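Everything below concerns the one structure shown next.
The values are calculated or read from the model by the stated rules, or taken from the named source; none is laboratory data. Treat the numbers as computed from the prediction; the structure is a model and nothing was measured. Here the Cβ positions follow ideal geometry from the backbone for every residue, glycine too, while neighbour counts run over all protein chains shown.
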Ligand code: 6R9
């Protein structure tokens, strides 16, 4: 477990003095003003560098099923996908949704969409019809790429989505006839397209649309551009420390930004072998995967790490995990216990990294070679100017230990360029020339950042952001629900889970049967993560005099905190 690999970053203190983005452009052979297409960089360029025959992608599914792809296979598959999309008439910048489990077509199709010059919109396959509808409606999505298993959910919405021209089914077996506006496409049966003229996208051409939860209103689509590659390439190189001979495993689903920025773009733009496990989580299946694939670099999330800790040290000892060389984490605060635990059992600490859907790439992080303070998110990535702003005045300050809003100076390559169709909310993300993350932290004397909490009501459950507003809206659609308030509740493994306070309509009784029914209703409509883990029936919800439900009061109770100022409370 002793690591002898020289960190790519070299010295953090030296790197922060340099111009990292210019360096990344140079390494990638990109000249300002010339074409830049993420998918071309992840496939054709790597092949041109003499790595066509290198393994790019190892996929493992149920029962140990395996598929392997070289960089040339990636190039051909993405060409073939892109040619098919163009053949259908999908135009530049049209939104193409990937609504797939973590099957190879998700990864290859993603690259194909980008090569065709369209905008990739990955969505979790666990989404229910309501979650799907609002995102497809908002993005005015033209095509959805999906699989038999999920096509029913999209079909149900077709009439409500006038912009949706095609539903593309990647695993059609011809047994059931496809319906109107549905087409079958099989990568395995299609004739590989050797030469494809990749869309000549430029730095500011739209590439990706990732939906994320807001406090009020429906989810927002963070729109990214092809130039994001510059940040994603360099952060994958310096933070994840990817080297040519690494076997890299990013455990995130591409429905989440981590699964695209660092599950696809980071490793492949560096020509590194990446593997994917499309099997539900158990400590056994994960450890076995690391052992079997000889994983060297592992990028995961605190929820998973806490679940592994719970599974115990014995589970680790049963496997040979000596291939591991570098570990990193993202999505929620990484407790100091998790860092010391991983040092003890793997001989390696997890390196916490902090960023968001909107930032597109890692903002604050721990780096190989830089001292880790367990529990701290680390320091800003070279080229990122981060600060803390006063909670009231929004002015930057430098005092150690004072709580402020994490803010970043705009202008790094991977920053979102807008919220799709929502310029107004986008503008609200900036104050005094700073991008506001919506998170609070403190900084210590050495410039390390320490996460404090979110500055809003958003629930972070197992690393996924859930909007209370979205859950409340869905609850109201249930016939028994008169009113509801949704807050987070502490949870050992998921950090937070969703809890709903509900008042029922006359004629309904809040009992266990109703609870189960409502839980199922939300799971199907939104997703398993958005489903309340607990429903508490109450005759009255705390409200302000203007009638706004005070989630703050309910949340404080759940967390055993002081309730704070309740002077605006109507019914206390
Ligand atoms: C990549 C990603 C972003 C929000 C972010 C913050 C929380 C992410 C964290 C962290 C503490 C970390 N978050 N990393 N909190 N420590 N290392 O997570 O994107 O899904 O948009 O979530 O997640 O609250 O603002 P996204």
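Computed quantities for the displayed model
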item	result
Matching residues in the stretch 18-36 - criterion: being within 24 Å of residue 364 (Cβ to Cβ) and at pLDDT 95 or above	20, 21, 22, 23, 24, 25, 27, 28
Selection count where residues are surrounded by 17 or more Cβ atoms within 10 Å (Cβ to Cβ) and either in a strand (DSSP E or B) or within 10 Å of the ligand (Cβ to nearest atom) (or both), scope the stretch 463-486	9
Lone qualifier among 255, 263, 259 - being within 16 Å of the ligand (Cβ to nearest atom), in the same structural domain as residue 70 (by TED's automatic domain parsing), part of a loop (DSSP other than H, G, I, E, B) and under 17 Å from the mean Cα position of the chain (by Cα)	255
Hey, residue 110 within 15 Å of residue 259 (Cβ to Cβ) and part of a loop (DSSP other than H, G, I, E, B) or not	no
Residue 226 surrounded by fewer than 22 Cβ atoms within 10 Å (Cβ to Cβ), touching a residue at least 24 places away in the same chain (Cβ under 8 Å) and more than 16 Å from the ligand (Cβ to nearest atom)	no
Any hit, the stretch 439-462, residues being touching a strand residue (DSSP E or B) at 6+ places or on another chain (Cβ under 6 Å), within 26 Å of residue 120 (Cβ to Cβ), within 12 Å of the ligand (Cβ to nearest atom) and in a loop (DSSP other than H, G, I, E, B)	yes
Search result, residues across the stretch 296-331 that are under 22 Å from residue 368 (Cβ atoms) and within 16 Å of the ligand (Cβ to nearest atom)	298, 299, 300, 301, 302, 304, 305, 327, 328, 329, 330, 331
Any hit, the stretch 336-349, residues being in the same structural domain as residue 244 (by TED's automatic domain parsing), surrounded by 21 or more Cβ atoms within 10 Å (Cβ to Cβ), touching a residue at least 40 places away in the same chain (Cβ under 8 Å) and in contact with a strand residue (DSSP E or B) (Cβ under 6 Å, 6 or more places away or on another chain)	no
Any hit, the stretch 280-291, residues being in contact with a strand residue (DSSP E or B) (Cβ under 9 Å, 6 or more places away or on another chain) and in contact (Cβ under 8 Å) with a residue 40 or more places away in the chain	yes
Residue 496 vs. criteria touching a residue at least 24 places away in the same chain (Cβ under 8 Å) and either more than 16 Å from the ligand (Cβ to nearest atom) or touching a strand residue (DSSP E or B) at 6+ places or on another chain (Cβ under 7 Å) (or both)	yes
Count of the stretch 173-187 residues which are at pLDDT 95 or above and part of a loop (DSSP other than H, G, I, E, B)	3
Residue selected from the stretch 21-33 under the condition farther than 23 Å from residue 246 by Cα and touching a residue at least 12 places away in the same chain (Cβ under 8 Å), by the criterion surrounded by the most Cβ atoms within 10 Å (Cβ to Cβ)	30
Residues of the stretch 505-552 satisfying the condition of being in a strand (DSSP E or B) and modelled with pLDDT under 95	543, 544, 549
